[in-house]
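Remarks on the structure that follows.
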């Protein structure tokens, strides 16, 4: 963990490949170009509050991230400091999904009655073991049967499910369920059908999807059905694969 120097409120920000706002819009998660450093920026001051760089011996073997999603815990009303886990998921160009569990310490500010909290990171983040084992077990089959994905987000209030979107498939991945090496093959064969015994479900109803976002009450998927229209869109409205 790299503590940030918070004495200079106008500290320079590094060039970022991907950005994601926190749900309350008070912070920004940044993936720094080149180093793939992950940093949290306070939008009120513009300063970096914490950052870390994935270790070289981790499973992050893909060269570039393409999507990032954040799930923040509910801040308690208790006046005592508490430890919570912030979840940060990153999708890479090899379609591998990795989640970092970031332990944060939350304590009320000294000014009583303000309702504000001070957030800090005391320990180094760790990767979600379910996703690590899932990728090691079915990663080759996943890449063989499914196309590269360009969008990803958490699905549902628990943060235990993800939605991943490509130009041909929408995949729902549920880590609360056990998995087998044959689950990807079975899910692709059961397209658009319920698979309660599987940890993933595949839909092929969105052949021209270019973006997906999970809203509080629905999933929004943007499609462009006419190739000619897609090609005429000016940058940056023209969605480019892998964010390039």
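No lab work stands behind these numbers, since they all come straight from the coordinates. Small disclaimer: the values here were computed from a predicted structure and weren't measured. As a convention, Cβ positions derive from the backbone with ideal geometry for all residues, glycine included, and neighbour counts pool all protein chains shown.
Points to keep in mind about this one:
- Counted residue by residue at 0.36 nm each, then reduced by the alpha carbon distance between them, the extension gain from residue 215 to residue 21 reaches 68.5 nm.
- Backbone N within the stretch 153-170 under 16 Å of label point (7 Å from residue 130 Cα along the Cβ vector): 153-164
- Averaging Cα coordinates gives a centre for the stretch 23-47 and one for the stretch 148-197; these two points are 28 Å apart.
- Label separation (residue 180 vs residue 35): 4.6 nm, computed from points 7 Å beyond Cα along the C-beta direction.
- For residue 107 and residue 203, the FRET efficiency from 1/(1 + (r/R0)^6), where r spans their Cβ atoms and R0 equals 51 Å, is about 0.75.
- Cα gyration tensor, the stretch 135-180 - rounded (a/c under 1.5), prolate or oblate: oblate
- Highest average packing first - 42-53, 145-156, Cβ atoms within 10 Å: 145-156, 42-53
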